[in-house]
1. Quick check on region 86-109. Is at least one of its residues surrounded by fewer than 19 Cβ atoms within 10 Å (Cβ to Cβ) and in contact (Cβ under 8 Å) with a residue 40 or more places away in the chain?
2. Is at least one residue of region 35-44 in the same structural domain as Ala115 (by TED's automatic domain parsing) and in contact (Cβ under 8 Å) with a residue 40 or more places away in the chain?
3. From the residues in region 8-42 that are among the acidic types (Asp, Glu) and not in a strand (DSSP E or B), which one is surrounded by the most Cβ atoms within 10 Å (Cβ to Cβ)?
Amino acid sequence: MDAGAEAVPGELFPVSWQGRQAVVTLPEDIDAANTGQLRDELLGLVNRGPEVLIADLTGTVSCDHGGAEALARAYHRASVNGTLLKIAASSPHVRQILTVNGLDRLVSVYPSLEAGPGGPAAANRSCRQVRPRGRQAARCPADPPGRTVDPDRRAGRRDRPGGRRRDAGAG
């Protein structure tokens, strides 16, 4: 952990803060016994307003669908609050559960903290994440000079101008 990181030890889900980035370390097993607490912890962290929330599942070897649902709820709350949620998961079983539940289409899932969310190469990839709606067009370091790309277009929402939803009654 860096010298600037603030850790809160002794909790079921340890959280470390570096500025406005929070990293929550999830337990070895996520199942019915702890998914309610996990959901509450993730939602509480999102409500504290970090710019980035990283769910560290690199030490997690088993996760049930309830755990994936807790992460999905955190993603939806983060989208509304303007927080970018990222996941680091190394276990093939955990990654499969995330895929089956569709989380890999909503949130970037990395094989480790070093290779992904907090790693040195993350700055060049962060612009490629799906960003919450309503954000301004963003300049990505990987884009050619002078090019600004609308995050909604980058996220594949080309069929809705500006990423706006159509009214249900509109025809």
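1. The answer is no, given that none of the residues of region 86-109 is surrounded by fewer than 19 Cβ atoms within 10 Å (Cβ to Cβ) and in contact (Cβ under 8 Å) with a residue 40 or more places away in the chain.
2. No, there is no match, as no residue in region 35-44 is in the same structural domain as Ala115 (by TED's automatic domain parsing) and in contact (Cβ under 8 Å) with a residue 40 or more places away in the chain.
3. Glu41
The values are calculated or read from the model by the stated rules, or taken from the named source; none is laboratory data. Treat the numbers as computed from the prediction; the structure is a model and nothing was measured. Quick reminder, even Gly has a Cβ in these numbers, built from the backbone with ideal geometry, and neighbours come from all protein chains shown.
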